[in-house]
Amino acid sequence: MVSLQQYDGFSVNAPIALTTTGPEQSTTNEGKPFTQTVYTGTMPNSDLYMAAVGVYPFVVVDEDLTKATNGFAGAMHGTVVKQEPLTVSGQSALMSVISAKDANGRELRFALLVTHKGNRAYMFVFGSYVDVTSNEQEFKEFFSSISIN
């Protein structure tokens, strides 16, 4: 396990180093500009770890957690199969399990945690093919170590 790493407004303990190409400009579904920085790492068995922070020109509210979850599921052409509210660093959060298939029809599962603070939204993802053996302890540590600064 890589030691706890500080990123842009958050920290997380991932089993591999998460790297980024830097912030990118994007636009919300309502046409508002924002900046997003995505950090990713892929394990030798193809398991994916991702953390992302979006900085918006408005305050992010609890209702936006569902919008972010649905946006992620839509981008993956997936379906939300389980969901539960949580609290992370005193902030409202939403944990979801999303089922999807890749272009070849191979089934994937994503664990997605979204939270927010001020004008920032945070997304933490673990993704794995269902036919791959994953290290359960590693992805549990990933999610339990999340801290919003």
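The values are calculated or read from the model by the stated rules, or taken from the named source; none is laboratory data. Just so you know, these numbers come straight off a predicted model, no measurement behind them. Neighbour counts are summed over all protein chains in view; Cβ atoms, including those assigned to glycine, are modelled from backbone coordinates with ideal geometry.
Things worth noting here:
- For Lys67, the requirement of being of a type in the set (D, E, K, R) and at pLDDT 95 or above is not met.
- Checked against the criterion of being under 18 Å from Phe10 (Cα atoms) and at pLDDT below 95, the candidates Phe143, Phe124, Phe139 yield just one match: Phe139.
- Per-region count, segment 1-51, residues under 18 Å from Leu108 (Cβ atoms) and β-branched (Val, Ile, Thr): 3
- For segment 78-99, filtered to residues that are more than 18 Å from Tyr7 (Cα to Cα) and among the polar types (S, T, N, Q), the residue that is nearest to the chain's Cα centre (by Cα) is Ser96.
- Residue match in segment 125-138 (condition: surrounded by fewer than 17 Cβ atoms within 10 Å (Cβ to Cβ), small (Gly, Ala, Ser), in contact (Cβ under 8 Å) with a residue 12 or more places away in the chain and within 18 Å of Ala68 (Cβ to Cβ)): no
- Qualifying residues in segment 32-72 (those that are free of Cβ contacts under 8 Å to residues at least 12 places away in the same chain and farther than 20 Å from Val97 by Cβ) - the one surrounded by the fewest Cβ atoms within 10 Å (Cβ to Cβ): Pro44
- Considering only residues in segment 25-56 that are of a type in the set (D, E, K, R) and at pLDDT below 95, the one that is nearest to Arg120 (Cα to Cα) turns out to be Lys32.
- Segment 100-120, subset surrounded by 15 or more Cβ atoms within 10 Å (Cβ to Cβ) and touching a residue at least 40 places away in the same chain (Cβ under 8 Å), residue farthest from the chain's Cα centre (by Cα): Lys117
- Hey, Lys67 of a type in the set (Lys, Arg) and under 16 Å from the mean Cα position of the chain (by Cα) or not: yes
- For segment 20-39, a residue qualifies if it is of a type outside the set (Asp, Glu) and out of contact with any Ser or Thr (no Cβ under 7 Å at 6 or more places or on another chain), and the qualifying residues are Thr21, Ser26, Thr27, Thr28, Asn29, Gly31, Lys32, Thr35.
- Leading residue by the ranking (nearest to the chain's Cα centre (by Cα)) among those in segment 7-31 that are without any contact (Cβ under 8 Å) to a residue 24 or more places away in the chain, on the phi < 0 side of the Ramachandran plot and exposed (fewer than 11 other Cβ atoms within 10 Å of the Cβ): Thr19
- For Ser92, the conditions (1) exposed (fewer than 15 other Cβ atoms within 10 Å of the Cβ); (2) more than 24 Å from Ser128 (Cβ to Cβ); (3) of a type in the set (S, T, N, Q) are fulfilled apart from (1).
- Meets criteria (more than 15 Å from Ser46 (Cα to Cα) and surrounded by 14 or more Cβ atoms within 10 Å (Cβ to Cβ)) for Val97: yes
- Output for segment 100-132, where each listed residue is over 24 Å from Asn45 (Cα atoms) and of a type outside the set (Lys, Arg): Val114, Thr115, His116, Gly118, Asn119, Ala121, Tyr122
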